[in-house]
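Below is one structure, written out as structure tokens; the observations come after it.
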Amino acid sequence: MPRQLGELEDAVMTRIWQWNRPVTVREVLEDLQQGRSIAYTTVMTVMDNLHQKGWVRREVEGRAYRYTAVSTRAAYSAALMNEAWSKSDNPAAALVAFFGMMSQEQREALQDAIRIAQPQSAEAHTAEAQITEAQITEARTAEARTAEAAAEPEEGREAADDADGAGR
């Protein structure tokens, strides 16, 4: 599970996510410098740390690296929410409290997300049910074949016994 990004890591990742293209340390530095005084080596270290932690991948271009996000901000946020929720000793109560903190706009976004996710869940459950039904049918067919195979030699032995008795 991911840990929350630090303030500067988040500032760097925000730019990488927003720009949605490979970026250099210099590009991020110049954008960050519009709001604060920061050294090139500081940004370079943060981006190297993000690479080491698996948040970004990098490719050499000339004498510099170009960094690209490994996943989306939405995926990062979802992982943080999932981690926080999984640590609760009462997940239902945690969700109720979380929903209580939401604005109307957030509740509407949640309802939209549930509408989108439910059909996928229903399809997945249907597929699981079909697989289970197919497995049950296959198992019953195998049982029937085994029973038939076990019964055939017995019937054959009875016919052979009858034939032997008739010849006596």
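The values are calculated or read from the model by the stated rules, or taken from the named source; none is laboratory data. Keep in mind the model is a prediction, meaning the values are calculated, not measured. In this analysis, Cβ positions are derived from the backbone assuming ideal geometry, glycine residues included, and neighbour counts consider all displayed protein chains.
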Requested in this report: Search the stretch 85-97 for residues that are without any contact (Cβ under 8 Å) to a residue 60 or more places away in the chain and farther than 20 Å from Pro2 by Cα and pair each with any residue that is aromatic (Phe, Trp, Tyr) and loosely packed, with under 10 Cβ neighbours inside 10 Å when their beta-carbon atoms are under 9 Å apart and the residues are at least 6 apart or on different chains.
Outcome: none
Requested in this report: Please verify whether the stretch 28-43 includes one or more residues that are of a type outside the set (Lys, Arg) and in contact with a strand residue (DSSP E or B) (Cβ under 6 Å, 6 or more places away or on another chain).
Outcome: no
Report task. Have a look at Met47, Met13 and point out the one that is at pLDDT 95 or above, in the same structural domain as Ala97 (by TED's automatic domain parsing), within 27 Å of Phe98 (Cβ to Cβ) and touching a Lys or Arg at 6+ places or on another chain (Cβ under 9 Å). Result -> Met13
Query raised in the report: Any idea which of Arg36, Arg58 is of a type in the set (Lys, Arg) and within 16 Å of Val70 (Cα to Cα)?
Result: Arg58
Query raised in the report: From the residues in the stretch 66-86 that are modelled with pLDDT of 90 or more and more than 16 Å from the chain's Cα centre (by Cα), which one is farthest from Lys53 (Cα to Cα)?
Result: Arg66
**Report entry** Output for the stretch 77-102, where each listed residue is under 26 Å from Met13 (Cα atoms), among the small types (Gly, Ala, Ser) and surrounded by fewer than 12 Cβ atoms within 10 Å (Cβ to Cβ)
**Finding:** Ser77, Ser86
